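Here is the structure we will look at.
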Amino acid sequence: AFDRKGELRAIAGGGRYDRLLSLYGAPSEIPCVGFGFGDCVIYELLLERGLLPDIPHRVDFVVAAYKGMSGGATVDMMLEAGKRVDKQFRYADRVGADKIAFVAPSEWEAGKVRIKDLRTGDSEARVQIDIPVSDLANAKSYFDEQKAE
């Protein structure tokens, strides 16, 4: 399916692909169909015709992970707001994080980030430190200094 003027790519398309799976190792031909929808084409059509709704901005803050990544750290961000702390710890454990950073209102006002080391033993004995937000890229060095003491 194309736009009437034929100016844009296909809006949607599909067909039969009976031999496709055998190309990828299926022992025999398996009848199948496929369908694709061009969401970008629909967007362009709606934009051109002035039919896109005016959606108010809903983002108050964007949390940039660049500070951590610039220090050579691998960074993952938990995007679900309002999760209980135990769920945040479980998520960090599931992704294999060595440390977890919290920015609660009190830390934010003080310009600090609270970081907990998740690999120091049982959950009650986790080492935690508060570091300046401006020094987040060097968070690992704070833990290295603590181990040396």
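Run the simple label-point estimate for TYR43 and VAL103 please: 7 Å along Cα→C-beta, distance reported in nm.
2.6 nm
Rounded to a whole number of µm²/s, how large is the Stokes-Einstein D of the stretch 1-55 at 20 °C and 1.002 mPa s, given Rh as the Kirkwood radius over C-alpha pairs?
Diffusion coefficient, whole number: 158 µm²/s.
Report relative contact order for the stretch 1-55 in percent, whole number only (criteria: Cα-Cα under 8 Å, sequence separation at least 6).
30 percent.
In whole Hz and in residue order, list the ³J(HN,Hα) couplings for the stretch 30-43 that follow from phi through the Karplus curve 6.51 cos²θ - 1.76 cosθ + 1.60, θ = phi - 60°; x for Gly and Pro.
Ordered by residue, 3J(HN,Hα) equals 10, x, 8, 10, x, 8, x, 10, x, 4, 5, 5, 4, 4 Hz.
Every read-out reported here was derived from the displayed coordinates using simple, explicitly stated rules and does not represent laboratory data. All values reported here derive from a predicted model rather than from experimental measurement. Ideal geometry is used to build each Cβ from the backbone, glycine not excepted, and the neighbour counts take in all protein chains shown.
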